[in-house]
1. Applying the selection to the stretch 269-294, what residues are part of a loop (DSSP other than H, G, I, E, B) and surrounded by fewer than 20 Cβ atoms within 10 Å (Cβ to Cβ)?
2. Could you pull out every one of the helices (runs of 4 or more DSSP H) wholly within the stretch 130-237 that has 2 or more residues that are in contact with a Leu (Cβ under 7 Å, 6 or more places away or on another chain) and in the same structural domain as Pro279 (by TED's automatic domain parsing)?
3. How many residues does the stretch 247-282 contain that are without any contact (Cβ under 8 Å) to a residue 24 or more places away in the chain and among the small types (Gly, Ala, Ser)?
4. Out of Lys127, Lys105, Lys92, I need the residue that is touching a strand residue (DSSP E or B) at 6+ places or on another chain (Cβ under 6 Å), modelled with pLDDT of 95 or more and among the basic types (Lys, Arg). Which one?
Amino acid sequence: MEQQTDGRSNLEYRRKRVKRIKRFLIVSLVVLLLVPNILCAVLLVQVHEINQTLGETEEKLWELSVQMEDANAAAVVEQVLSPVQVLDDDIKAVIPDAQMYEGKKMVYLTFDDGPSTYTNEILDILKEYDVKATFFVLAKDGYEAEYQRILDEGHTLALHSYTHQYSQIYESPEAFRQDINLLSDYLYEITGYRCEFYRFPGGSSNGIIQFDKDECFDVLEEEGLVYFDWNVTSKDASSYRLSATAITNNVLSGVGQTNASVVLMHDASDKYTTVQALPGIIETLQADENTIFLPITDGTTPVCHVVRSDENQE
């Protein structure tokens with residue numbers, strides 16, 4: 001009996017052992033099968049994340065390259081189209097108007113002695129015909145809005161005189177400089193704009209200057225100013241009032257003789273016939289598609305009646 005019992009116990013033990021071995025083998029097999037799959041799944045997730053990161057990086061690089069190309073293209077276009085090309089902080093390469101508008105008849109309307117009671121009417125006419133002009137102004141209280149409007153509407157604001165008293169302006173180089181600086185500072189306080197261009201009261205050829213005229217040119221150079229006279233005159237500065245018809249004829253006759261006309265006109269309280277003549281002058285010149293109106297800028301070739309004496313000798 002005891003042998004039978006021991007035999008059954010051994011048999012049961014072997015069976016359990018076999019079951020444990022089978023269970024171990026099955027678990028091991030399952031693990032062996034699952035681990036590679038799990039590893040593959042993890043690797044796939046990592047590869048996907050890497051691909052996604054690469055894709056985002058590639059997209060950012062593409063956007064950056066497009067932005068750089070756009071920026072380069074914009075820079076090229078700006079260089080081609082802009083009259084003023086910035087080469088560095090202090091040096092500007094200016095394309096002359098004659099080159100920018102080659103083959104065109106250029107007309108620069110300039111108005112001296114303003115602002116006046118007619119300035120806004122002149123500006124209204126210029127706006128109506130889409131014409132830009134240049135205003136060589138004096139210092140006058142009560143015309144702050146007119147100074148600003150000249151700039152806001154794309155015209156050139158330029159210096160003429162603070163006092164317009166010839167005996168004071170031309171008394172000495174110091175007085176000449178003072179007159180310029182007083183007007184420049186006056187306009188800067190009103191508009192925040194520092195003027196670049198100047199017109200001598202009476203023109204650079206006036207005979208009132210009581211010292212060497214070269215000293216005037218020295219002052220202008222030191223103050224960073226370029227001066228302009230004129231090569232066409234409306235003759236509205238006459239002591240007697242010209243009719244609008246006479247002013248129109250004077251301007252059109254003068255413009256017909258040159259390809260770059262700097263036209264002298266006046267913006268003053270006793271010059272209403274100049275205002276009356278302005279629409280007809282503009283309409284007649286605009287009828288010629290080859291004619292263009294321009295304000296004086298850095299690209300405008302100065303018209304000077306008198307230049308520095310050493311320049312005359314060259």
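The values are calculated or read from the model by the stated rules, or taken from the named source; none is laboratory data. Predicted, not measured: the structure shown is a model, and the values here were computed from it. Positions of Cβ are generated from backbone atoms using ideal geometry, with glycine treated the same way; all protein chains shown enter the neighbour counts.
1. Ser269, Asp270, Ala287, Asp288, Glu289, Asn290
2. The qualifying helices (runs of 4 or more DSSP H) are 144-152, 173-191.
3. Of the residues in that region, 3 qualify.
4. That would be Lys105, the only listed residue that is touching a strand residue (DSSP E or B) at 6+ places or on another chain (Cβ under 6 Å), modelled with pLDDT of 95 or more and among the basic types (Lys, Arg).
Quick grid of which residues meet (1) over 26 Å from Lys140 (Cβ atoms); (2) of a type outside the set (Val, Ile, Thr):
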{"site": "Tyr240", "(1), (2)": "no, yes"}
{"site": "Leu264", "(1), (2)": "no, yes"}
{"site": "Val275", "(1), (2)": "no, no"}
{"site": "Gln286", "(1), (2)": "yes, yes"}
{"site": "Asn290", "(1), (2)": "yes, yes"}
{"site": "Thr300", "(1), (2)": "no, no"}
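Here's the yes/no breakdown for (1) of a type in the set (D, E, K, R); (2) surrounded by 22 or more Cβ atoms within 10 Å (Cβ to Cβ):
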residue	(1), (2)
Lys140	yes, no
Tyr143	no, no
Arg149	yes, no
Ser161	no, yes
Tyr170	no, yes
